[in-house]
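The values are calculated or read from the model by the stated rules, or taken from the named source; none is laboratory data. As the structure is a computational prediction, the values presented were derived from the model and not from experiment. Calculation scope for accessible area: heavy atoms of the full protein, side chains included, ligands and nucleic acids excluded. Shrake-Rupley method; radii C 1.70, N 1.55, O 1.52, S 1.80 Å.
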Amino acid sequence: MAQISALEADLARQQALQRDAQERHDDVQVSLQEAIQKHSALSSQCEELVESLQRSRQDLSDCKSAEQLEAERHAATRTELDQHVAAEESLRQRLDDGET
């Protein structure tokens with residue numbers, strides 16, 4: 001009888017250990033699923049950030065190109081203006097020389 005009681009007690013301990021192990025396994029599964037979901041969300045956010053960064057870089061590149069074009073236009077306008085001023089000064093000088 002003692003042997004049966006010992007076996008029953010051992011069986012009860014084994015079943016308790018098995019339940020505990022199953023509960024831990026279930027907890028790990030839940031934690032793993034949560035981690036997978038978080039990873040997926042973070043991965044999506046990273047993709048969005050990369051796309052946003054690429055758009056920002058393109059916008060910056062476009063802006064730099066526009067600035068360069070504007071600088072070139074400004075330089076051309078300034079050169080043209082300088083030429084007109086020089087021509088005007090030359091004309092005035094010739095007029096002044098002709099009047100005296």
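Here is how the numbers come out for the structure above:
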| quantity | calculated |
| --- | --- |
| Residue match in segment 81-91 (condition: at pLDDT below 95 and not in a helix (DSSP H, G or I)) | no |
| Complete set of residues in segment 69-92 that are of a type in the set (S, T, N, Q) and open to solvent by 100 Å² or more (accessible area, probe 1.4 Å) | GLN83 |
